[in-house]
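Every read-out reported here was derived from the displayed coordinates using simple, explicitly stated rules and does not represent laboratory data. Computed from a predicted model, the values in this text were never measured in an experiment. With ideal geometry, Cβ positions are generated from the backbone for all residues, glycine too; neighbour counts draw on all protein chains shown.
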Amino acid sequence: MIVSTFGFAGSPGSPSFVRIELRAERGVLFRISGIGNQAAKAASTRIRSALIACGHHWPGKAITVNIAPADLSRSSTAFDLPIALAILASCGIIPSASLKHIAAAGEMGLDGALRPWATSMFGSRETFSFELSDVGKIKILLAPTKLESWDSLLPLESFTHLSEIIAYLKSPDSTNHKRDLPDSFLTFTGEASPPISEVTFDNIIGEPTAKRMAVIAAAGRHDVLMQGAPGTGKTELAKCIHALLPDLSDKEYQKCKSIHSAAGLVLKSNENRPPWLSPHPSTNMQGLIGSWSTLKGRGAIPGAWSLADNGVLFLDEFAEFSRRTLEACRSPLESRNISLGRAAGSTSLPASALFIAAMNPCPCGRGNGTTGSCDCQKGEMRKYRRKISGPIADRIAIHLELGHEMHEHKGDISEVLAWDDAKNRVARVRKWMCHNHGKKKRMNGPALTKESEQLLNSCRSALKISHRGINHIHNVAMTAALVDNSSAIQVSHISEAGASRLFDRQSWMTTC
Ligand SMILES: [Zn+2]
């Protein structure tokens, strides 16, 4: 007896349908054509255990599975579900006719739970491959819960357990096939966002300039490099920037969920909060920017940069990351995109996270050479700071030094720092930026006054700041003007943006 159904999987950017054919005959062997015994054995173990968990038996027959088209890799665990359904149909547990118009995908746990698998779902309908001739018969897609994420070209039904799908295929019109499963049933491996209610500027003593720049960074999505001794509030400030970001739109949130599912993770954030990723300094380059899976056909696995898309990527102890990892940040900082290449083709991963890096002033972390407790040599400190190469620092818009301002200033700045007011200002500027991105920003945004233009030009000539650095100063000053609701970029805006180019100062890099 031959049963056939459809599955879907693929690599990032190019998901595709496959046809699954299953023949059951006398014997005991389980084979999947084209994949090794080990992988077939692993799949049969998962499927066998899942069937038993649902109260069914593994058929006492030899089973041969064919996955077409033949040139596609068959090792994706996403094929667990369609293979299990074909086995159930071959035993007469579900009607085989019900499988003719569905495409299913999902990795199965030993308890029958369905999980997202480690390849991509973040292709759009345009990139879906239609290699199969009879793909037009597919009317509905079945996938694990939490994968109801992408701009689907077909209706998508989501399930958390194999038994739900069996009930659904037996009577598709009935609506009560879903079981109430506790949340813990799903593997939450994504990183949680910091609880937004606990984060405010009140947690940081003093530092009015840093707080002001945090508002500007969140409003303009400018990347930040912070330097300061431990305990000066670097992590708190990063959390503040995250908390100031407005909620994601439904479309952005769905994109974020699907990037997580491509990495085999489930996004732990709720209420549409932007993601927050803070990888440990031991994270390697692949963990940060993504990698190709070693399993053939499983495609690219997004790294922290992509997982934090539209949210915040916070690298604490920035100078402790390996040199190679640090240098790999250059490309996403510049192009907001990660291109992964290999012989069989290349793919690109999104990287539009707001990047925040924090580092100590010296290797011991106790001071900046001026306090008695720090005994780092000048040479050691120079070497440590130089780990953050010019090209990396140059690509980061705002450089901050914490630990110098222990008290709030009196005057205009502190007015901006009321938390709710700061949030409203960020939301207002973000909204404006959404309607005025790219070239429109300079055209419709606040213009330079004559004096501020002169100051910007003198930054270029006197401080020898790179063209990119000048661009950052102009952009940051414009965001500052928008935050202040000012119709023009004033001298004060240029000077605060210019003051935040710490790493551009030659003196800072060569003296301690
Ligand atoms: Zn030191």
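Going by a ≥ b ≥ c, the root eigenvalues of the Cα gyration tensor, does segment 196-430 fall in the rounded group (a/c under 1.5), the prolate group (a/b larger than b/c) or the oblate group?
Oblate, since a/c reaches 1.5 and b/c is not below a/b.
If I model a spin label at LEU29 and ILE2 as a point 7 Å from the Cα along the Cα→Cβ vector, what separation in nanometres do I get?
The answer from the label model is 1.9 nm.
Can you say what percent of the DSSP beta bridges in segment 196-430, counting only those with both residues inside, are antiparallel? Round to 5.
35
Taking neighbour counts of Cβ atoms within 10 Å as a proxy for exposure, in what order, fewest first, do ARG501, ARG425 appear?
Values: ARG501 24, ARG425 21.
Ascending number of Cβ neighbours within 10 Å: ARG425, ARG501.
Give the long-range amide H neighbours of ILE32: residues separated by 5 or more places, or on another chain, with amide H under 5 Å away, using H modelled in the peptide plane at 1.01 Å from N.
Amide H to amide H, under 5 Å and 5 or more residues apart or across chains, ILE32 pairs with VAL65.
Which entries of LYS137/LYS257; LYS41/LYS61; LYS139/LYS170 show an alpha-carbon separation above 23 angstrom in the structure shown?
From LYS137/LYS257; LYS41/LYS61; LYS139/LYS170, over 23 Å: LYS137/LYS257.
For a quick check: sort TRP292, TRP276 by the number of other beta carbons within 10 angstrom, fewest at the front.
TRP292, TRP276
Using 0.36 nm times the number of residues separating SER487 and ASN471, minus their current alpha carbon distance, what extension gain do you get?
3.8 nm is the gain from fully extending SER487 to ASN471.
Could you list which residues have their amide H under 5 Å from that of LEU448, counting only those 5 or more apart in sequence or on another chain, with H placed in the peptide plane?
ILE489
Can you put CYS434, CYS459, CYS91 in order of Cβ neighbours within 10 angstrom, beginning with the fewest?
CYS434, CYS91, CYS459
Could you pull out every residue, at least 5 positions away or on a different chain, whose amide H is within less than 5 Å of the one on ILE140? Hs are placed 1.01 Å off N in the peptide plane, and Pro or chain starts have none.
Long-range HN contacts for ILE140: ALA103.
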